1. For region 46-65, state whether one or more residues are under 30 Å from residue 170 (Cα atoms), at pLDDT below 90 and of a type in the set (Asp, Glu).
2. Which ones in region 117-148 are farther than 30 Å from residue 69 by Cα and either assigned to a strand (DSSP E or B) or under 14 Å from the mean Cα position of the chain (by Cα) (or both)?
3. Within region 14-32, which residues are in contact with a helix residue (DSSP H, G or I) (Cβ under 9 Å, 6 or more places away or on another chain) and touching a residue at least 24 places away in the same chain (Cβ under 8 Å)?
4. Which count do you get for residues in region 89-112 that are in contact with a Gly (Cβ under 8 Å, 6 or more places away or on another chain) and either among the small types (Gly, Ala, Ser) or in a loop (DSSP other than H, G, I, E, B) (or both)?
5. Going by the conditions given, is residue 118 exposed (fewer than 14 other Cβ atoms within 10 Å of the Cβ) and modelled with pLDDT of 95 or more?
6. Given (1) modelled with pLDDT of 85 or more; (2) loosely packed, with under 12 Cβ neighbours inside 10 Å, identify the lone condition not met by residue 70.
7. Within region 28-47, restricting attention to residues that are of a type in the set (A, V, I, L, M, F, W, C) and either in a helix (DSSP H, G or I) or closer than 19 Å to residue 63 by Cα (or both), which residue is nearest to the chain's Cα centre (by Cα)?
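The values are calculated or read from the model by the stated rules, or taken from the named source; none is laboratory data. These numbers were taken from a predicted model, which means no experiment stands behind them. So basically every Cβ, Gly included, is an ideal-geometry build from the backbone, and we count neighbours across all protein chains shown.
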Amino acid sequence: MPSRRHAIASDLRDRITTGQLKPGDRLPSETQLADQYKVSTATLRSALAALQGEGLIEKLHGKGNFVRRSLRRITYIGGGHARDLRSAPDTALHITVRTTKIRAHGHLTSLLRVSAGSPLTEFLCLSYEAETPHSLARIYIPHDLAPAATPNNPRPQEASASFAALHPDSAEVRETVNARLPTPQEASTLRISTALAVLAITRVTADEATGRVVEAALLVLPGDRADAVFTTNHTIDEGQTER
């Protein structure tokens, strides 16, 4: 026999999938739902957490629980000089950018190959589809290389162009990709369950001529809406073709 938690989650899931509860609809308050199902608030929250983990609902701080709208998938294009974050053509993503001056510390010193305390500029970029957070990126640049200005609400292509302008023609790009669970802060910022895996990409760009790191980017892409594509071009040695 299913537990009360599973029974509640199943009932709400059916109401969502059959259209009784539509995308964007606000669910009754947790107190009202607990009374409706005759369970404790803790049991009710556990059921809602299961639906949040499935991507069916999202909790907005101070507003309540809402049926989640279907989110378009985004594709991270990696490898070489092709670095971009793309969405479906009919999807309107916008990005908020917050700029902060900081001092290098911890893992940033090794990523950027600088000494502790070196001045950096941090760009916190959060992309949105309508009002729903879509992806998170923290970009770190040596302070003397940071762009003078970035649009307040750039489109993904505009944001990419702003940072791409910093890269030298002969750039070495190293990308590390792993799947992990989000930190509590990441889950709160992206409004996702702490049980939903994210695609974490660390991208370090250096000037091949001088070896200086010009950018370190830490990207967090929720696994329910992101893909990563890497293209490798193989060069055939002329000596091999003469055999």
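1. Checking region 46-65: not a single residue is under 30 Å from residue 170 (Cα atoms), at pLDDT below 90 and of a type in the set (Asp, Glu).
2. The answer is 119, 120, 121, 122, 140, 141, 142.
3. 16, 21, 22, 23, 25, 27, 30
4. 2
5. So residue 118 does not fit the description; no.
6. For residue 70, the failing item is (1).
7. That would be 47.
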